[in-house]
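Asker: Dropping the structure in here first, questions after.
The values are calculated or read from the model by the stated rules, or taken from the named source; none is laboratory data. Given the structure is predicted, the values throughout are model-derived calculations rather than measurements. In this analysis, Cβ positions are derived from the backbone assuming ideal geometry, glycine residues included, and neighbour counts consider all displayed protein chains. These area figures cover heavy atoms from the full protein model, side chains too; ligands, DNA and RNA do not enter into them. Shrake-Rupley method; radii C 1.70, N 1.55, O 1.52, S 1.80 Å.
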Amino acid sequence: MTQSEARRRFAAARVACLATADAEGVPHVVPVVFAVDGDTIVVAVDHKPKRTTALKRLANVRANPRVALLADHYADDDWDALWWVRADGTGTVHEPGGSTAAHAVHLLAERYVQHRARPPEGPVLSVAVTRWSGWSAR
């Protein structure tokens, strides 16, 4: 799969898994909604209930900015339709109120009706993708 095809499939997916690791390399994986802007992926901390706003994924990125995101398509009845795409890159946490966070919230609101109704107010993670890779059964 070419990098442009991988980017196209990733951008069309509705959810991905974000993989981070802390300073000791202990992995942490969570599902996220996202937006793609060229070779940048943005994720925001939204209003969904969480135990704390000091999220592990954000602490991990501050300690170890290397991240990966994975999107896939699975069809139980058609394994010829299976595919996955991974975006490897460098993450940066942006506090609310800055221009990067505002642009990310705008992109997310364009993509998800839930974010139009209630825009994310928390920090934003931007990932500068350095490598798009993937696999497809077809």
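Asker: Find all pairs meeting these conditions: Cβ atoms under 6 angstrom apart; at least six residues apart or on different chains; first residue within segment 102-116 and free of Cβ contacts under 8 Å to residues at least 40 places away in the same chain; second residue among the small types (Gly, Ala, Ser) and buried (at least 16 other Cβ atoms within 10 Å of the Cβ).
Answerer: From segment 102-116, the pairs are Arg116/Ala109.
For (1) of a type in the set (Phe, Trp, Tyr); (2) over 12 Å from Ser126 (Cα atoms); (3) out of contact with any strand residue (DSSP E or B) (no Cβ under 8 Å at 6 or more places or on another chain); (4) at pLDDT 95 or above, each residue gets a yes or a no:
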| residue | (1), (2), (3), (4) |
| --- | --- |
| Asp37 | no, no, yes, yes |
| Ile41 | no, no, no, yes |
| Ala59 | no, yes, yes, yes |
| Pro65 | no, no, no, yes |
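Asker: A follow-up question, please. Please tell me if Thr100 is under 17 Å from Leu58 (Cα atoms), out of contact with any Pro (no Cβ under 6 Å at 6 or more places or on another chain) and either modelled with pLDDT under 95 or assigned to a helix (DSSP H, G or I) (or both).
Answerer: Numbers: under 17 Å from Leu58 (Cα atoms): yes; out of contact with any Pro (no Cβ under 6 Å at 6 or more places or on another chain): yes; either modelled with pLDDT under 95 or assigned to a helix (DSSP H, G or I) (or both): yes.
Answer is yes for this residue.
Asker: For segment 1-35, enumerate the residues that are touching a strand residue (DSSP E or B) at 6+ places or on another chain (Cβ under 6 Å) and either at pLDDT below 95 or among the basic types (Lys, Arg) (or both). Don't jump to the end; show me each part of the working.
Answerer: So the first thing to find is which residues in segment 1-35 are touching a strand residue (DSSP E or B) at 6+ places or on another chain (Cβ under 6 Å), and the list is 1, 3, 6-7, 9-11, 13, 15-21, 27-32, 34-35.
Answer for segment 1-35, where residues must be touching a strand residue (DSSP E or B) at 6+ places or on another chain (Cβ under 6 Å) and either at pLDDT below 95 or among the basic types (Lys, Arg) (or both): Met1, Arg7, Arg9.
Asker: Residues to consider are Val29, Val42, Val36, Val85; find the one that is touching a Lys or Arg at 6+ places or on another chain (Cβ under 6 Å), part of a strand (DSSP E or B) and hydrophobic (A, V, I, L, M, F, W, C). Step through it out loud before you land on a result.
Answerer: Details: Val29 fails: touching a Lys or Arg at 6+ places or on another chain (Cβ under 6 Å); Val42 fails: touching a Lys or Arg at 6+ places or on another chain (Cβ under 6 Å); Val36 fails: touching a Lys or Arg at 6+ places or on another chain (Cβ under 6 Å).
None of the other options fit; the residue is Val85.
Asker: If you check Thr92 against the conditions, is it part of a strand (DSSP E or B) and either exposed (fewer than 15 other Cβ atoms within 10 Å of the Cβ) or of a type in the set (Val, Ile, Thr) (or both)? Break it down stepwise before answering.
Answerer: On the way: part of a strand (DSSP E or B): yes; either exposed (fewer than 15 other Cβ atoms within 10 Å of the Cβ) or of a type in the set (Val, Ile, Thr) (or both): yes.
Against the criterion (part of a strand (DSSP E or B) and either exposed (fewer than 15 other Cβ atoms within 10 Å of the Cβ) or of a type in the set (Val, Ile, Thr) (or both)), Thr92 qualifies.
Asker: Would you point out which residue out of Arg51, Arg62 is in a helix (DSSP H, G or I), at negative phi and open to solvent by 60 Å² or more (accessible area, probe 1.4 Å)? So that I can check it myself, show each step before the final result.
Answerer: Working: Arg51 fails: in a helix (DSSP H, G or I).
Every option except Arg62 fails the conditions.
Asker: Being surrounded by fewer than 19 Cβ atoms within 10 Å (Cβ to Cβ) and either within 20 Å of Ser133 (Cα to Cα) or touching a residue at least 12 places away in the same chain (Cβ under 8 Å) (or both) is the requirement here; does Thr40 meet it? Walk me through how you get there before you give the answer.
Answerer: Details: surrounded by fewer than 19 Cβ atoms within 10 Å (Cβ to Cβ): yes; either within 20 Å of Ser133 (Cα to Cα) or touching a residue at least 12 places away in the same chain (Cβ under 8 Å) (or both): yes.
Taking the combined requirement at face value, the residue satisfies it.
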